[in-house]
Amino acid sequence: MPYLQIDSQKFLHNYQVILNAIAPNNPEKIAIVLKDNAYGHGIKEIAKLAHYLKIENAFVKNTDEALQVAPFFHHTTILYPYSLPSDSLLQQSLQNPKIYFCASSLESLKDYPKNTRIELKVDSGMHRNGIAKEELTQAFQIINQNNLQLKGIFTHNGFGDDLGSEFYTQNVAFLNIKQESLQLCAHYKIPKPRFHSLNSSGAFRAKDSHTHLVRDLQDDLFRIGIAFYGYLCQDSAFFAPKLKPIGALYAQKISTLNLEIGSRIGYRGISTLERNNVSTYDIGYGDGLFRVREGMEVYSAEGFRILPRASMDCISIESTQEEVCIFNDARPLARIFGTIPYEILAHLHAYIPKVVI
Ligand SMILES: *Cc1c(COP(=O)(O)O)cnc(C)c1O
């Protein structure tokens, strides 16, 4: 049985790095992003670790994830509340006072029943999701008319990883959105919602640009995802904090073959053995591991060659060990597959067992 080992000490280490760099005096500002099964790490397992660190706020993808983790946090926000077809999960979530709902359009605001707790998403320049700043007044009218509870106003800065001025342009745009929102709150006599805009890379980068603002205009939360899992994917020109990848993927041996050097292995005999022994291990692309194919040089964490072509449920590795660590850092695999660690991790199937050490 393959398994994903989760190192709780490394998780704690990452938390401390994040806290010290971003909000040393305000631990309540650190929120954890648990969407997509905690980036493949196991949403329940990571929620428990976060709860142990007294993290109060979480962000998830859908109603199912929200209901699983809501008991561990003061507030759990659903980023994509309508992404599952289940009306019953939606109704249960609506009834749970700890669960907040992201609204990214005026239309979606109109769908929510009275008293729903809303976090309103506003576009500040990424042009992906969120209402336009010009629609703020209308959004407040709907919120007021429909008796919705406005819990948050947020945006997503899409330039945290990249050198250049867009990052700052978006921060300024969000500052204007906050100012206008405060005026609208005063007008409609509704309490100030919480403000947030930054992901891991953005928060590491903008940590100082906030402190000079008056308290009401500062961000109240930082939505930290990938850094908790031990990565940052920024431009290499930025200072790189020392984070530790928390997940290590292990596979178990199915069988060993004693073959002659030069034997050809697997589909189409693409690989030629460079050592005597080759074993088959119980993980494949059906488990969410990317498919190792011809022309790729991939090695396990121990340095054993993983032979192309990978199968759906198993792979051949030049090793005889009972257990092999497929990776304990997703970066080399991300490089080989031309992607980012996020994608390598989020691909891992939820049913891969998690072992927290
Ligand atoms: C995924 C996500 C984050 C977290 O981003 P990281 O780069 O993993 O820190 C923050 N905010 C929103 C809205 C997201 O979808």
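The values are calculated or read from the model by the stated rules, or taken from the named source; none is laboratory data. Here the structure is a predicted model, which is why all the values come from computation and not from measurement. Counting neighbours? That spans all protein chains shown, and the Cβs are built from the backbone with ideal geometry, glycine included. The accessibility values were calculated without ligands, DNA or RNA, using every heavy atom of the protein model including side chains. Shrake-Rupley method; radii C 1.70, N 1.55, O 1.52, S 1.80 Å.
Details
- Residue 170 falls short on exactly one of the conditions (1) touching a helix residue (DSSP H, G or I) at 6+ places or on another chain (Cβ under 6 Å); (2) within 14 Å of the ligand (Cβ to nearest atom), and that condition is (1).
- Against the numbered list (1) touching a Pro at 6+ places or on another chain (Cβ under 9 Å); (2) within 16 Å of the ligand (Cβ to nearest atom), residue 195 comes up short only at (1).
- Remark: pairs (first residue in the range 210-231, under 16 Å from residue 191 (Cα atoms); second residue more than 12 Å from the ligand (Cβ to nearest atom) and assigned to a helix (DSSP H, G or I); Cβ separation under 6 Å; 6+ apart in sequence or on different chains) = 217/178.
- With respect to the conditions (1) hydrophobic (A, V, I, L, M, F, W, C); (2) in contact with an Asp or Glu (Cβ under 8 Å, 6 or more places away or on another chain); (3) open to solvent by 20 Å² or more (accessible area, probe 1.4 Å); (4) under 30 Å from residue 301 (Cβ atoms), residue 34 falls short on a single one, namely (3).
- All of (1) surrounded by 16 or more Cβ atoms within 10 Å (Cβ to Cβ); (2) closer than 22 Å to residue 329 by Cβ hold for residue 68 with one exception: (2).
Quick grid of which residues meet (1) among the charged types (D, E, K, R); (2) under 23 Å from residue 195 (Cβ atoms):
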residue: 90; (1), (2): no, no
residue: 104; (1), (2): no, yes
residue: 108; (1), (2): no, yes
residue: 114; (1), (2): yes, no
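- Residue satisfying all of: in the range 342-357; outside any loop (DSSP other than H, G, I, E, B) and within 12 Å of residue 290 (Cα to Cα); most open to solvent (accessible area, probe 1.4 Å) among these: 343
- Residues satisfying the stated conditions in the range 287-331, i.e. open to solvent by less than 30 Å² (accessible area, probe 1.4 Å), more than 18 Å from residue 248 (Cβ to Cβ) and among the acidic types (Asp, Glu): 318
- Residues of the range 251-269 that are assigned to a loop (DSSP other than H, G, I, E, B) and either over 30 Å from residue 5 (Cβ atoms) or open to solvent by less than 50 Å² (accessible area, probe 1.4 Å) (or both): 259, 260, 261, 262, 263.
- Conditions (1) touching a Ser or Thr at 6+ places or on another chain (Cβ under 6 Å); (2) open to solvent by less than 40 Å² (accessible area, probe 1.4 Å); (3) of a type in the set (S, T, N, Q): number failed by residue 105: (1)
- Looking only at the range 116-143, and only at residues there that are out of contact with any strand residue (DSSP E or B) (no Cβ under 9 Å at 6 or more places or on another chain) and among the polar types (S, T, N, Q), the one that is surrounded by the most Cβ atoms within 10 Å (Cβ to Cβ): 124
- Qualifying residues in the range 1-24 (those that are open to solvent by 60 Å² or more (accessible area, probe 1.4 Å) and part of a helix (DSSP H, G or I)) - the one farthest from residue 347 (Cα to Cα): 20
- Residue within the range 115-122 that is away from the ligand (no atom under 16 Å from the Cβ), under 25 Å from residue 30 (Cβ atoms), modelled with pLDDT under 90 and out of contact with any Gly (no Cβ under 7 Å at 6 or more places or on another chain) present: no
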